[in-house]
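For reference, the structure discussed in these notes is given below.
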Amino acid sequence: MTLEQKLNRAWYGKPGLLRLLLPLEGLYRGVAAARRQLIRGHSCGAPVIVVGNISVGGSGKTPVVLALAEYCQAQGFRVGIVSRGYGGRAPEYPYLLNSNSGPAEAGDEPYLMAKRSGLPVAVAPDRLAAAQLLVSQSGCNLIISDDGLQHYRLARDIEVLVIDGERGFGNSHCLPVGPLREPRSRARDIALRIINGGDTQNNSGLSGHAMRLKGTVAVNLATGEQRALADWPAAERRVHGLAGIGSPQRFFRSLRAAGFDVVEHAFPDHYPYAAADLQFTEALPVLMTEKDAVKCRYFSLDQHWMLPVNGVIDDEFYKKLQSCLAEIKTKR
């Protein structure tokens, strides 16, 4: 078992020896509370919706950002998206993605969001600077900040919390004893909560709006051919499943639920793939997430497929979001 696997077992089970680090957790909690109290938020010149979580790792924020962007655009807003750009190395910051941008410059998730949405996307460690760039250069009048819940320099009008419905808040401890970036009490302060998979009354102890990830059509990375999972040939249903995301097992389970026999290949989140990583002894089709595909497309072969997914959120969430947006318009 790797160190990462041992850490995850302790974070999402019993802390065990990590309890020895409780003094460090206390220090971490104090710093987190001080940051929230002392860092002053600055307006970027447009309303801001922040999407984030209070735990480390993936919880499904990217599908939520894309779903919110599509909804707000339909409401008449000129939407822009900001992100840190983790995993990328842009020539400058803030960096506005363009037609020549790739995941190497922008990071895998920002590149994916720009490609999927067609909206302006800017990245920078300073989300405020990225948001200001979108307002000044792209004329955006609504900003959605990806994974920006703890970035308090950017003032926000609406906060959306995404909770992993399967893992919840783990052992409920903050770093380094547990997986939380902020105490569970922070989650209770956020009215708009989305539970990604699992039960909407889960071990997080909080209720929220249900979201499921829907992916039914695979796309061939080399040819662009689209194939419905339901129409996948029976003789080819043993596949290599490849996922370098926060929760790879969620992807593997979804493939099994669609009737596939999956040989699992889990990689760390934001993994920088090389061609050798996709060379397997057993010659089988390879199914991967869309996030992985943006980096693997450069050395893809005919048997490499990606499965795009959409976040489907319950209608009651959008009713509450609409009310929040109307309130913003009234104030401004």
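The values are calculated or read from the model by the stated rules, or taken from the named source; none is laboratory data. What you are looking at is a predicted structure, and each value in this text was computed from that prediction instead of being measured. Cβ sites come from the backbone with ideal geometry, for glycine too, and all protein chains shown count toward neighbours. For accessibility, only protein heavy atoms count, side chains too; no ligands or nucleic acids. Shrake-Rupley method; radii C 1.70, N 1.55, O 1.52, S 1.80 Å.
For residue 163, the test of being assigned to a strand (DSSP E or B), crowded, with 21+ Cβ neighbours inside 10 Å, β-branched (Val, Ile, Thr) and within 20 Å of the chain's Cα centre (by Cα) is passed. Looking only at residues in region 258-284 that are out of contact with any helix residue (DSSP H, G or I) (no Cβ under 6 Å at 6 or more places or on another chain), in a loop (DSSP other than H, G, I, E, B) and over 21 Å from residue 86 (Cα atoms), the one that is least open to solvent (accessible area, probe 1.4 Å) is 260. Of the helices (runs of 4 or more DSSP H) lying entirely inside region 90-140, those containing at least 1 residues that are modelled with pLDDT under 95, open to solvent by less than 30 Å² (accessible area, probe 1.4 Å) and not aromatic (Phe, Trp, Tyr) span 103-106, 108-117.
Would region 238-250 turn up any residue that is in a loop (DSSP other than H, G, I, E, B), at pLDDT 95 or above and either surrounded by 13 or more Cβ atoms within 10 Å (Cβ to Cβ) or among the acidic types (Asp, Glu) (or both)? No. Cβ separations smaller than 7 Å between residues 6+ apart or across chains give no pair from region 270-288 residues that are at positive phi and small (Gly, Ala, Ser) to residues that are modelled with pLDDT under 95 and open to solvent by 30 Å² or more (accessible area, probe 1.4 Å).
Being part of a helix (DSSP H, G or I), touching a Phe, Trp or Tyr at 6+ places or on another chain (Cβ under 8 Å), at pLDDT 95 or above and open to solvent by less than 50 Å² (accessible area, probe 1.4 Å) is the requirement here; does residue 321 meet it? The answer is yes for residue 321. In this structure, residue 27 does not satisfy being within 25 Å of residue 246 (Cα to Cα), of a type outside the set (Gly, Ala, Ser) and open to solvent by 90 Å² or more (accessible area, probe 1.4 Å). Among the residues of region 37-72, those identified as touching a helix residue (DSSP H, G or I) at 6+ places or on another chain (Cβ under 8 Å) and open to solvent by 40 Å² or more (accessible area, probe 1.4 Å) are 42, 45, 70, 71.
Whether a residue is closer than 26 Å to residue 12 by Cβ and polar (S, T, N, Q) was assessed, and residue 223 does not pass this test.
Residues of region 285-316 that are assigned to a strand (DSSP E or B), open to solvent by less than 70 Å² (accessible area, probe 1.4 Å) and under 17 Å from residue 258 (Cα atoms): 286, 287, 288, 289, 305, 306, 307.
For region 142-160, the set of residues classified as crowded, with 24+ Cβ neighbours inside 10 Å and among the hydroxyl-bearing types (Ser, Thr, Tyr) consists of 145 only.
Counting only residues that are out of contact with any helix residue (DSSP H, G or I) (no Cβ under 6 Å at 6 or more places or on another chain), within 16 Å of residue 171 (Cβ to Cβ), of a type outside the set (Gly, Ala, Ser) and part of a helix (DSSP H, G or I), region 5-33 holds 15 of them. Show the residue pairs that are 6+ apart or on different chains and have beta-carbon atoms under 7 Å apart, the first residue being within region 90-101 and farther than 9 Å from residue 124 by Cβ, the second being modelled with pLDDT of 95 or more and open to solvent by 100 Å² or more (accessible area, probe 1.4 Å). Sorted first by the residue in region 90-101, then by its partner, the pairs are 96/137. Filtering region 169-211 to residues that are modelled with pLDDT under 90 and small (Gly, Ala, Ser) leaves 197, 198, 204, 205, 207.
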